[in-house]
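**Q** If you scroll down you'll find the structure; I have some questions about it.
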Amino acid sequence: MGSNAAENHPISFKWVNEAMKKGAKLISVDPKFTRTSSKADFYTALRSGTDIAFLGGMIKYIIENNKFFKEYVADYTNASFILSDNYFFKDGIFSGFEPQTGKYNKDAWAFEKDTQGNPKKDVTLENPRCVFQLLKKHYSRYDLQTVSDTTGTPKEDLVSVYEMYSSTGQREKAGTIMYAMGWTQHTVGVQNIRTMAIIQLLLGNMGIAGGGVNALRGESNVQGSTDHCILYHIWPGYLKTPKASLASLAGYNTKYTPKANDPLSANWWANYPKYSVSLLKSFFGDKGTEANDFGYNWLPKLDDGKSYSWLDLFDEMYKGSFSGFFAWGQNPACSGANSNKTRQALTKLDWLVNVNIFDNETGSFWKGPGMEAEKIKTEVFMLPCAVSVEKEGSITNSGRWMQWRYKAAEPPGSAMPDGEIMTKLFEKVRDLYRKDKDAVFPEPVLNLKWDYTSAGRFDPHKLAKEINGYFLKDITVNGESFKKGDLVPSFVYLQADGSTSSGNWLYCNSYTNKGNMSARRKKEKAGIGLNLEWSWCWPLNRRIIYNRASVDKYGKPWNKETPVIQWNGSKWVGDVPDGGWPPMLNPDGTPNKKSKHPFIMKPEGYARIFGSGMADGPFPEHYEPLECPVEKNLFSSQLSNPTIPKYTTMMDTYCTCDPKYPFVGTTYRVSEHWQTGIMTRWQPWLLEAQPQLFVEMSTELAKLKGIKNGEKIMVISSRGEVKATALVTSRFKPFTIQGTVIHQIGLPWHYGWVHPKDGGDSANLLTPSTGDPNTRIPETKAFMVNVKKI
């Protein structure tokens with residue numbers, strides 16, 4: 001669901017095929033019959049933007065048919081936690097909603113506490129105020145008829161999917177989900193994934209072999225780039241970017257270091273100060289001392305309550321709020337939602353630096369359709385960059401495996417690896433600060449530690465070691481002695497006193513005194529396929545996170561045929577355990593006081609069915625996309641997510657139930673092209689396979705509009721239009737939604753006007769500037785359009 005792995009993630013789908021040879025069943029749920037659907041044991045369709053309705057119906061089915069794994073749910077999740085009387089849900093809105101801000105006060109979602117300050121529990125799951133009973137009540141509205149009328153999925157298909165998948169809620173079974181942008185790029189994107197996480201917890205499918213909620217990343221290093229803080233709200237290792245109100249390191253660490261009152265809670269984030277100080281030491285080295293908060297105030301802060309996401313950056317750029325922009329390894333003129341607004345925003349800049357391997361629509365925006373170059377002030381610089389095989393370094397894939405890749409060829413012409421470009425830029429900027437005695441706030445630049453070169457060239461091994469971290473003085477930790485300059489063997493040894501450095505605590509253990517762990521290539525000949533000596537996996541080379549939930553409270557695997565770990569009486573064997581503590585119970589059934597709850601990253605130690613950290617509610621709730629074909633949400637009177645961001649410039653338009661735009665649009669990928677096509681549109685053999693933008697539509701819609709296969713048509717939204725070739729197909733079928741026939745069309749988003757000249761332009765000229773309230777990822781998978789023959 002939300003992915004088409006056979007076409008877009010063929011390497012991962014290889015393992016699906018292997019599982020199917022052993023009897024596994026594959027379910028495909030997608031608005032379009034895809035290559036994945038063609039391989040599936042069961043396929044059904046749903047309208048884009050209705051996944052929570054579909055999955056909410058599955059939650060109801062699992063609970064009412066007693067399909068859930070009760071022992072797992074009661075012991076390992078917060079299903080037993082009792083909520084305070086302040087929590088309620090009424091007509092699409094949760095308690096704590098503040099209409100004037102469009103945000104929730106999450107204090108209204110608190111649990112009842114005992115005298116020790118721990119959540120009160122009812123392990124029988126019968127208390128009407130416990131999470132389980134409130135979950136049951138919440139999804140009692142998601143009956144088959146209402147779900148079908150919302151999604152367009154036939155009721156009999158819903159039952160088939162629900163029965164097939166809920167059968168995995170048994171000790172000897174496993175089920176997994178492979179999702180991608182089809183789930184994330186919605187105004188309820190995070191909650192789509194949360195809904196499936198709830199299902200997986202109800203069925204006991206987290207932490208086990210063949211389980212999990214698996215994100216199929218959009219490119220091979222999305223996981224790695226996220227781990228290393230490509231997003232504005234995090235520092236490396238998922239530490240928080242500080243807010244302006246946090247004036248000191250002590251205040252910052254106190255804010256983000258959770259406290260736990262349960263002695264059986266590992267509360268691993270209690271180590272937060274060790275990781276933040278080690279990161280600052282990695283940044284500033286000897287210049288960062290306890291006296292200056294290790295350089296904490298040399299780093300930028302976020303204004304409280306302000307978002308700096310992609311949508312917000314380009315909104316501010318459009319308004320003229322800043323003068324310069326580095327477009328590094330990206331093509332926002334095609335990849336950004338509402339691309340006409342993005343392209344106009346680029347005209348408001350003084351300068352733009354485009355770092356890429358080929359010319360693209362961003363670097364040449366001023367020459368694009370509708371532009372008047374003589375009126376555009378933006379000065380554009382092109383820095384040619386090496387492609388991945390022309391440089392050495394690591395990628396971290398969807399499974400968190402950090403794999404070292406070797407350089408296969410020299411970059412052509414004046415192209416350089418990213419690290420080399422960054423090094424030269426930094427050294428030049430530092431020289432300018434050194435020369436300018438009146439420079440404002442020079443400390444962040446002049447004090448930054450930068451010793452990642454060998455023979456004057458960027459050295460990825462030096463940076464990889466810096467990310468792992470060093471001991472900065474002779475020290476004894478946990479009874480072991482280390483010398484200054486030793487690489488830290490694991491994050492267990494990081495300290496909060498400035499004696500250790502680590503550029504990313506999660507990667508501490510990846511490059512040790514034993515060598516580059518990510519370069520290992522030894523295959524496993526037995527076992528369940530953990531391959532512990534092939535590459536390296538964060539954290540600590542653990543291949544399946546939360547793996548202590550794969551065993552019962554005695555340490556025995558739920559499924560003896562596929563053990564991830566098991567307790568042999570003195571230690572865990574198998575995967576690297578999620579903490580070395582012994583099982584929850586002693587052999588005689590008494591509690592083991594030396595143990596810890598299995599979900600160690602949560603302060604309470606339990607997985608969260610009730611998610612009190614979400615911006616838009618602790619339980620997922622179906623809301624229609626901001627642009628939708630219906631006037632009514634069948635589950636409540638709240639049509640769309642009440643917390644979503646909306647933008648108000650003249651280029652931000654939204655049309656729901658507008659007869660000018662009667663059809664649902666969505667975007668997707670094809671095997672032959674990559675992202676916005678910068679790499680692939682310049683390759684003649686790939687271009688021959690997929691030469692130009694097309695729009696897929698059903699035979700019924702084509703007949704309705706008088707369109708024949710292969711004809712040129714225009715696809716139009718309230719924000720823009722694109723020319724495309726009509727691909728009339730039975731892969732799309734009309735939906736019956738609330739008694740009305742609704743048509744859906746789809747376009748790939750790989751094209752742009754630069755090359756080829758007759759290839760069409762970006763499908764994102766159609767998509768709206770809105771997104772998920774938790775992440776601000778744009779809603780490019782459900783929007784309203786029209787089609788007409790040219």
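The values are calculated or read from the model by the stated rules, or taken from the named source; none is laboratory data. These numbers come from a predicted model, not from an experiment. Cβ coordinates were reconstructed from backbone atoms using ideal geometry, including for glycine residues, and neighbour counts include every protein chain displayed. Accessible surface areas use protein heavy atoms only, side chains included; no ligands, DNA or RNA. Shrake-Rupley method; radii C 1.70, N 1.55, O 1.52, S 1.80 Å.
**Q** What is the residue count in the range 381-430 for residues that are within 16 Å of Val222 (Cα to Cα), polar (S, T, N, Q) and either out of contact with any helix residue (DSSP H, G or I) (no Cβ under 7 Å at 6 or more places or on another chain) or not in a loop (DSSP other than H, G, I, E, B) (or both)?
**A** 4
**Q** Give the range 286-309 a look and list any residue that's closer than 22 Å to Asp451 by Cβ, in contact with a Gly (Cβ under 9 Å, 6 or more places away or on another chain) and open to solvent by less than 60 Å² (accessible area, probe 1.4 Å), or say none.
**A** Selection gives Gly288, Thr289, Phe294, Gly295, Tyr296, Trp298.
**Q** Still on this structure, I have one more. Considering only the range 330-358, state which residues are touching a residue at least 60 places away in the same chain (Cβ under 8 Å) and farther than 23 Å from Lys781 by Cβ.
**A** Result: Gln344, Val355, Asn356, Ile357, Phe358.
**Q** A further question on this structure: Given the structure, is Asp107 touching a residue at least 12 places away in the same chain (Cβ under 8 Å), within 29 Å of the chain's Cα centre (by Cα) and open to solvent by 50 Å² or more (accessible area, probe 1.4 Å)?
**A** Values: touching a residue at least 12 places away in the same chain (Cβ under 8 Å): yes; within 29 Å of the chain's Cα centre (by Cα): yes; open to solvent by 50 Å² or more (accessible area, probe 1.4 Å): yes.
So Asp107 fits the description; yes.
**Q** Continuing with the same structure: Restricting to the range 170-195, name every residue that is within 21 Å of Pro563 (Cα to Cα) and under 26 Å from the mean Cα position of the chain (by Cα).
**A** The answer is Ala174, Gly175, Thr176, Ile177.
**Q** Please go through the range 30-60 and give me each residue that is open to solvent by 20 Å² or more (accessible area, probe 1.4 Å) and either among the hydrophobic types (A, V, I, L, M, F, W, C) or in contact with a Lys or Arg (Cβ under 7 Å, 6 or more places away or on another chain) (or both), ordered by number. Write out each step before concluding.
**A** Filtering the range 30-60 down to residues open to solvent by 20 Å² or more (accessible area, probe 1.4 Å) leaves 30-33, 35, 38-43, 45, 60.
Those that are open to solvent by 20 Å² or more (accessible area, probe 1.4 Å) and either among the hydrophobic types (A, V, I, L, M, F, W, C) or in contact with a Lys or Arg (Cβ under 7 Å, 6 or more places away or on another chain) (or both): Pro31, Lys32, Phe33, Ala40, Asp41, Phe42, Ala45.
**Q** How do the pairs read when you match residues in the range 488-501 that are closer than 11 Å to Tyr470 by Cβ and assigned to a loop (DSSP other than H, G, I, E, B) with residues anywhere that are hydroxyl-bearing (Ser, Thr, Tyr) and open to solvent by less than 10 Å² (accessible area, probe 1.4 Å), using Cβ under 7 Å and keeping only pairs 6 or more apart or on different chains?
**A** Partner pairs satisfying both residue conditions: Val488/Thr500; Val488/Ser502; Leu494/Tyr275; Leu494/Ser278; Leu494/Thr500; Leu494/Ser502; Ser501/Ser278; Ser501/Ser282.
**Q** Looking at the range 753-762, is at least one residue modelled with pLDDT of 95 or more and within 20 Å of the chain's Cα centre (by Cα)?
**A** no
**Q** A further question on this structure: Against the condition of a type outside the set (Gly, Ala, Ser), buried (at least 18 other Cβ atoms within 10 Å of the Cβ) and more than 20 Å from Gly212 (Cβ to Cβ), how does Pro583 come out, does it pass? Break it down into steps so the answer makes sense when it comes.
**A** Values: of a type outside the set (Gly, Ala, Ser): yes; buried (at least 18 other Cβ atoms within 10 Å of the Cβ): yes; more than 20 Å from Gly212 (Cβ to Cβ): yes.
Yes.
**Q** Separate question: Inspect the range 139-150 for any residue being among the hydroxyl-bearing types (Ser, Thr, Tyr), surrounded by fewer than 18 Cβ atoms within 10 Å (Cβ to Cβ) and modelled with pLDDT of 95 or more and give the result as yes or no. Lay out the reasoning, then the answer.
**A** Start the filter on the range 139-150 by keeping residues that are among the hydroxyl-bearing types (Ser, Thr, Tyr), which leaves 139-140, 142, 146, 148, 150.
Then keep just the ones that are surrounded by fewer than 18 Cβ atoms within 10 Å (Cβ to Cβ); that gives 140, 146.
If we keep only those that are modelled with pLDDT of 95 or more as well, we get 140, 146.
Yes, the range 139-150 contains at least one residue that is among the hydroxyl-bearing types (Ser, Thr, Tyr), surrounded by fewer than 18 Cβ atoms within 10 Å (Cβ to Cβ) and modelled with pLDDT of 95 or more.
**Q** Conditions: (1) assigned to a helix (DSSP H, G or I); (2) open to solvent by less than 20 Å² (accessible area, probe 1.4 Å). Ser12 meets all but one. Number of the miss?
**A** With (1) assigned to a helix (DSSP H, G or I); (2) open to solvent by less than 20 Å² (accessible area, probe 1.4 Å) applied to Ser12, the lone miss is (2).
**Q** Determine whether the range 741-749 contains at least one residue that is under 26 Å from Thr649 (Cα atoms), under 27 Å from the mean Cα position of the chain (by Cα), of a type in the set (Gly, Ala, Ser) and modelled with pLDDT of 95 or more.
**A** no
**Q** So is Arg776 closer than 30 Å to Lys306 by Cα and open to solvent by 10 Å² or more (accessible area, probe 1.4 Å) or not?
**A** When the stated conditions are applied, Arg776 passes them.
**Q** Just to be sure I understand the filter: pairs with C-beta atoms under 7 Å, separated by 6 or more residues or on different chains, first member in the range 543-556 and open to solvent by 20 Å² or more (accessible area, probe 1.4 Å), second member assigned to a helix (DSSP H, G or I). Which pairs pass?
**A** Lys553/Asp75
**Q** Right, something else. Out of Thr168, Thr187, which single residue is open to solvent by 10 Å² or more (accessible area, probe 1.4 Å), assigned to a loop (DSSP other than H, G, I, E, B), in contact with a Gly (Cβ under 8 Å, 6 or more places away or on another chain) and of a type in the set (Ser, Thr, Tyr)?
**A** Thr168
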